[in-house]
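Enquirer: Here it is, the structure, as C-alpha cells.
The values are calculated or read from the model by the stated rules, or taken from the named source; none is laboratory data. Quick caveat: nothing in here was measured; it's all calculated off a predicted structure. Note that each Cβ is placed from the backbone with ideal geometry, even for glycine, and that neighbours are counted across all protein chains shown. We work out accessible area using only protein heavy atoms, side chains counted, and drop any ligands, DNA or RNA first. Shrake-Rupley method; radii C 1.70, N 1.55, O 1.52, S 1.80 Å.
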Amino acid sequence: MEYVVNPWAGKQEFDIERLYTEFGIEPADKLKDILQEPPYFFRRGIVVGHRDYEPIAQAIRDNKEFHVMTGFMPSGHPHLGHLMVMKEVVWHVEKGGNGYITIADREAHAVRNISWEKCKEYGKEYLLCLYALGFTGKTYNQSTNAMLNALTFEASTKINFSELQAIYGFSQETQVAHAMSVITQVADILYPQVDLTPAPTLVPVGLDQDPHIRLTRGVAHKLRMFTVEDRKDHISIRSKNAPTNVMDELWKQFRGSKKYEGHIDIPGGDLKNVKEIVRRIELSAGGYGFVTPSATYHRFMPGLQGGKMSSSIPESTIGFFENEPSIKKKVLASLTGGKPTLEEQKREGGNPDSCCVYLLNLFHMISDDNELGELREQCESGTLTCGQCKKETYQRTIEFLLDFREKMDEVKHLPEEK
Ligand code: TRP
Ligand code: SF4
C-alpha cells in the first residue's frame, strides 16, 4: 500500500524503515562520527534520520556560512514536546549557523482555525522559550512577512495540484488556504537563502514534517536556472530556464568549454568550484542560486501516558508554565516500562526503552551520559523501583523548569522587540 505521511494527523506511528527505503531519508547513526563534538541528540539516537547533513557538518568544521531554520505552529501553549527541536536549533546557532524561526500563524489559522490574536499570543511564548535557551537570529510571523509572501508566490509557480495530492493526499475538498500554508512553509525553508545568501540550510524537524522537506527540495531545484552534473569525463551545465545572455556569460567563464543548445560541457575541472561559479552568475542575473536544503529528523518524546505529547492530551503533557502539584501528579501517574508487581520488577527488571519516564530523562532531564547509563542499568537489573524513579524524575523536571522560568524571565522583553 502507498505510504503517505500526514503532517496534520494527531497520532502517528512512523515506519522508519519505509521512510529510509521509500523516501530516501538516511539513517542518522553515522552523524555522531562526522562531528568533532556530537551533541547528545545525535549520540543518544534521538535524531533518527537526515537528508544531506554532510554539508552542514562540513560548514561547522570549516567555519563556513550555513543557516538553521525551523518553525512552530502556534496552535496552543508550548510544552516539553517542543523542547527538542528548539535545542537543535540553538545548538546549530552556537556552532555558527544563522538562526531563523518562523511562527506558522498561517498554518495555525488555516488548518487549526486559530484566531490571529491567539496566534500572536502563543507565538510569543514559543519565542520566549527559544530566547531562554540562548537563541539568536531572526524571527517572523508568516502572515506579516512581505518578502516571504513574495517568495511563496514564486514557489507556487513550481507546484501543481497533483503533486500536493500525491504528497499529502489532498482532495477536491481541501481548502485552498491549507494548500497555501504548505507553500508558505516551502518559502519559509528557502527564506534564509533569499534574506542572506545561498548556503546550506539545516531544517531540524520531527519525522512528520518530511513531506514538506521533500516538496521544498524539489522546488529549490526547480527554481534554479541551471543544473550542474558530473559526467565523469566532463562536467555538464544544463540550462533550465536561463536567459541566453546568461548562458553566454557562463560559457565565457570556462576556458575550453563547449556550448550547445541548452547546455555547456566543461572538460575536467573541480565540480564544487564549477557549482560555485554557476551559482554566482545565476545570482547576479537575478536568480536564486538555492542550495538544496538539508534536514534532521528526530523521533518524538512520548507523552506521560504513552502516545503523543500534545496540548490536546493534558494528562500526557508538561507545560512550561504548569504548576508544581499538577506536574507532580502527572509524573507520578505516568505509564512506565515497569512490571505489574514489585516482585517481578525486582526479578526481571523494567524496560526503559518503552518507558516514557526513562525517555523523559533521555531527552531532557539527565545531561550526563554516565548518569543516564546508570539509570538504565538500575532499571534493567530491577534495583530501582518505578515509584522511586518517578519521584526522582519529577525532582529533575521541577529543577529544570524553575531554572528555565528564571531564564525566560530574564529575556521576556525580547519577543516584544521583534
Ligand atoms: N508545519 C510546522 C509544524 O506543524 C511548522 C512550520 C512552518 C515549519 N514552517 C516551517 C517547520 C518551516 C520547519 C520549517 O510544526
Ligand atoms: Fe521506567 Fe524508571 Fe520504572 Fe525503569 S524504573 S521502567 S525507567 S519508571
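Enquirer: Taking Ala220, is it closer than 30 Å to His109 by Cβ, free of Cβ contacts under 8 Å to residues at least 60 places away in the same chain and outside any loop (DSSP other than H, G, I, E, B)?
Expert: In short, no.
Enquirer: Sticking with this one: Within segment 96-106, can one find any residue that is of a type in the set (Ser, Thr, Tyr), surrounded by fewer than 21 Cβ atoms within 10 Å (Cβ to Cβ) and away from ligand 2 (no atom under 16 Å from the Cβ)?
Expert: no
Enquirer: If you check Gly289 against the conditions, is it closer than 22 Å to Glu392 by Cα and either assigned to a loop (DSSP other than H, G, I, E, B) or hydrophobic (A, V, I, L, M, F, W, C) (or both)?
Expert: In short, no.
Enquirer: In this structure, does Leu384 turn out to be assigned to a helix (DSSP H, G or I), open to solvent by less than 40 Å² (accessible area, probe 1.4 Å), out of contact with any His (no Cβ under 9 Å at 6 or more places or on another chain) and among the hydrophobic types (A, V, I, L, M, F, W, C)?
Expert: So Leu384 fails the test.
Enquirer: If you go through segment 157-167, how many residues are in a helix (DSSP H, G or I) and open to solvent by 40 Å² or more (accessible area, probe 1.4 Å)?
Expert: Qualifying residue count, segment 157-167: 5.
Enquirer: In addition: Out of all the residues in segment 29-56, which are surrounded by fewer than 18 Cβ atoms within 10 Å (Cβ to Cβ) and aliphatic (A, V, I, L, M)?
Expert: Selection gives Ile34, Leu35.
Enquirer: Does any residue of segment 62-82 turn out to be open to solvent by 10 Å² or more (accessible area, probe 1.4 Å), under 24 Å from Cys129 (Cβ atoms) and in a helix (DSSP H, G or I)?
Expert: Yes, segment 62-82 contains at least one residue that is open to solvent by 10 Å² or more (accessible area, probe 1.4 Å), under 24 Å from Cys129 (Cβ atoms) and in a helix (DSSP H, G or I).
Enquirer: Please work out which one of (1) open to solvent by 60 Å² or more (accessible area, probe 1.4 Å); (2) over 16 Å from the mean Cα position of the chain (by Cα) is the condition Glu26 fails and give its number.
Expert: The number of the failed condition is (2).
Table: residues versus (1) more than 16 Å from ligand 1 (Cβ to nearest atom); (2) open to solvent by 40 Å² or more (accessible area, probe 1.4 Å); (3) more than 26 Å from Tyr40 (Cα to Cα).
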{"residue": "Ile313", "(1), (2), (3)": "yes, yes, yes"}
{"residue": "Ile318", "(1), (2), (3)": "yes, no, no"}
{"residue": "Asn323", "(1), (2), (3)": "yes, yes, yes"}
{"residue": "Lys329", "(1), (2), (3)": "yes, yes, yes"}
{"residue": "Pro340", "(1), (2), (3)": "yes, yes, yes"}
{"residue": "Leu359", "(1), (2), (3)": "yes, no, no"}
{"residue": "Ser367", "(1), (2), (3)": "yes, yes, no"}
{"residue": "Asn370", "(1), (2), (3)": "yes, yes, no"}
{"residue": "Glu374", "(1), (2), (3)": "yes, yes, no"}
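Enquirer: While we're on this one: For segment 211-232, how many residues are basic (Lys, Arg) and either in contact with a Pro (Cβ under 9 Å, 6 or more places away or on another chain) or surrounded by 13 or more Cβ atoms within 10 Å (Cβ to Cβ) (or both)?
Expert: 4
Enquirer: Within segment 55-74, identify whether any single residue is more than 20 Å from Phe404 (Cβ to Cβ), aromatic (Phe, Trp, Tyr) and in contact with a Gly (Cβ under 7 Å, 6 or more places away or on another chain), and answer yes or no.
Expert: yes
Enquirer: While we're on this one: Out of all the residues in segment 37-93, which are acidic (Asp, Glu) and either within 14 Å of ligand 1 (Cβ to nearest atom) or closer than 27 Å to Cys119 by Cβ (or both)?
Expert: Glu88
Enquirer: Here is a list: Tyr122, Tyr140. Which entry is within 11 Å of ligand 1 (Cβ to nearest atom), at pLDDT 95 or above, of a type outside the set (Gly, Ala, Ser) and not in a loop (DSSP other than H, G, I, E, B)?
Expert: Going through Tyr122, Tyr140 in turn, just one is within 11 Å of ligand 1 (Cβ to nearest atom), at pLDDT 95 or above, of a type outside the set (Gly, Ala, Ser) and not in a loop (DSSP other than H, G, I, E, B): Tyr140.
Enquirer: Got a sec? Which of Ala59, Ala110 is assigned to a helix (DSSP H, G or I), open to solvent by 10 Å² or more (accessible area, probe 1.4 Å) and modelled with pLDDT of 95 or more?
Expert: Checking each option against the conditions leaves just Ala110.
Enquirer: Further question: Keeping to segment 251-282, report how many residues are touching a residue at least 12 places away in the same chain (Cβ under 8 Å) and open to solvent by 90 Å² or more (accessible area, probe 1.4 Å).
Expert: Residues in segment 251-282 being touching a residue at least 12 places away in the same chain (Cβ under 8 Å) and open to solvent by 90 Å² or more (accessible area, probe 1.4 Å): 1 in total.
Enquirer: Now for a different question. Across segment 233-250, what is the number of residues that are open to solvent by 10 Å² or more (accessible area, probe 1.4 Å) and in a strand (DSSP E or B)?
Expert: 2
Enquirer: Please identify the pairs in which a residue from segment 198-214 that is farther than 25 Å from Glu65 by Cβ has its Cβ atom under 7 Å from the Cβ atom of a residue that is within 10 Å of ligand 1 (Cβ to nearest atom) and not in a helix (DSSP H, G or I), counting only partners at least 6 apart or on another chain.
Expert: Sorted first by the residue in segment 198-214, then by its partner, the pairs are Asp208/Pro7; Pro211/Pro7.
Enquirer: Can I ask one more? Can you name the residue in segment 345-357 that is in contact (Cβ under 8 Å) with a residue 24 or more places away in the chain and in a helix (DSSP H, G or I) and is also farthest from Glu315 (Cα to Cα) among such residues?
Expert: Arg347
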